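Working notes, structure below.
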Amino acid sequence: LQIEPIHAMIRAMGLPLLVVPEVEADDVIGTLAQQATTGGINTLISTGDKDMAQLVSAHVSLVNTMTHTYLDQTSVVSKFGVRADQIIDYLAIMGDKVDNIPGVPGAGPKTAVKWLQYYGSLANLMQRSDEVGGKIGASLREALPILPRSQALASIKLDVPLPETLADMALQAVDEATLLYWYDEL
């Protein structure tokens, strides 16, 4: 019951609204960010979700308005210890209970960073997993069958078919009468 009034207010504010049924919002945002990057459009995504760091590029940056932090390519490395293009592998190694990403049991951020700095990618780490010693090496080798799935689960889609293009999503005129109705109603 709360969603439709919010959508109506967004439309009345003249802001573009894109809802794609049965598609995660992250994938819609990722697809739009990819389209903007391809078009050379600088893009700022407002989020506190660490998964979105994989979208950071020369044209895409993140802002978290709750913590007043900004992430560009340089600050992704400062914050996570890996480049934006390694974030998917970083998340796949560590796993994430909230997102149901299994990862490598016992591998946390420090281990993920160490491995990615040394091996460069999850694919290289998997190919050379026999080089990793100790208990964590054994955990890595046991996790090999599930790591491609972990990587897929950590990946934000960049190619979701969207019903509108970026050009269709231009700002529109504000509908003050509708806004006043909703402000009064709510």
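Val76 meets all of the listed conditions (1) in a strand (DSSP E or B); (2) within 14 Å of the chain's Cα centre (by Cα) but one, namely (1). Would you please name the residue that is nearest to Lys50 (Cα to Cα), looking only at residues in the stretch 88-143 that are assigned to a loop (DSSP other than H, G, I, E, B) and among the hydrophobic types (A, V, I, L, M, F, W, C)? That would be Val98.
Scan the stretch 97-120 and tell me whether some residue there is at pLDDT below 95 and polar (S, T, N, Q). Yes, the stretch 97-120 contains a residue that is at pLDDT below 95 and polar (S, T, N, Q).
Of all residues in the stretch 145-160, which are surrounded by fewer than 13 Cβ atoms within 10 Å (Cβ to Cβ) and either free of Cβ contacts under 8 Å to residues at least 40 places away in the same chain or on the phi > 0 side of the Ramachandran plot (or both)? Once the filter is applied, which keeps residues that are surrounded by fewer than 13 Cβ atoms within 10 Å (Cβ to Cβ) and either free of Cβ contacts under 8 Å to residues at least 40 places away in the same chain or on the phi > 0 side of the Ramachandran plot (or both), the stretch 145-160 yields Pro145, Ala152.
Of all the residues in the stretch 31-54, those that are in contact (Cβ under 8 Å) with a residue 24 or more places away in the chain and closer than 17 Å to Asp96 by Cβ number 5.
Among the conditions (1) surrounded by 16 or more Cβ atoms within 10 Å (Cβ to Cβ); (2) within 20 Å of Phe80 (Cβ to Cβ), Gly48 misses just one, which is (1).
The values are calculated or read from the model by the stated rules, or taken from the named source; none is laboratory data. If you're wondering where the values come from, they're calculated on a predicted model, not measured in any experiment. Here Cβ is always computed from backbone atoms with ideal geometry, including for glycine, and neighbour counts include all displayed protein chains.
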